[in-house]
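Values quoted throughout were computed directly from the atomic coordinates according to the rules given, and no laboratory measurement underlies them. Because the structure is predicted, anything quoted here is derived from the model rather than measured. Positions of Cβ are generated from backbone atoms using ideal geometry, with glycine treated the same way; all protein chains shown enter the neighbour counts.
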């Protein structure tokens with residue numbers, strides 16, 4: 001345990017920020033699951049709307065440094081490809 005006051009403050013702010021980041025990651029993951037279930041059910045209008053929501057959340061997470069920009073872009077490409085392939089079949 002830290003003895004210095006500034007170190008104690010740093011620990012508290014790190015825990016708070018970690019909780020915020022975890023909430024963002026959880027929201028992104030749950031919305032991706034909703035999108036994938038819509039694609040599996042072949043509800044393409046709903047999937048298109050959810051894809052826009054997921055894209056916005058991934059961009060926001062990357063902008064806030066919750067996840068790396070390349071990871072967000074990679075996820076966006078993967079989800080777009082899944083929707084496109086599902087529509088094509």
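Of all residues in the range 23-41, count the ones that are more than 20 Å from residue 72 (Cα to Cα) and in contact with a helix residue (DSSP H, G or I) (Cβ under 7 Å, 6 or more places away or on another chain).
Qualifying residue count for the region: 1.
Only one residue in 36, 42 is in contact (Cβ under 8 Å) with a residue 40 or more places away in the chain, closer than 13 Å to residue 86 by Cα and not in a helix (DSSP H, G or I), so which one is that?
Exactly one residue qualifies, and that residue is 42.
Scan (1) assigned to a helix (DSSP H, G or I); (2) loosely packed, with under 15 Cβ neighbours inside 10 Å; (3) in contact with a helix residue (DSSP H, G or I) (Cβ under 8 Å, 6 or more places away or on another chain); (4) free of Cβ contacts under 8 Å to residues at least 24 places away in the same chain for the single condition residue 10 breaks and write down its number.
So the condition that residue 10 fails would be (3).
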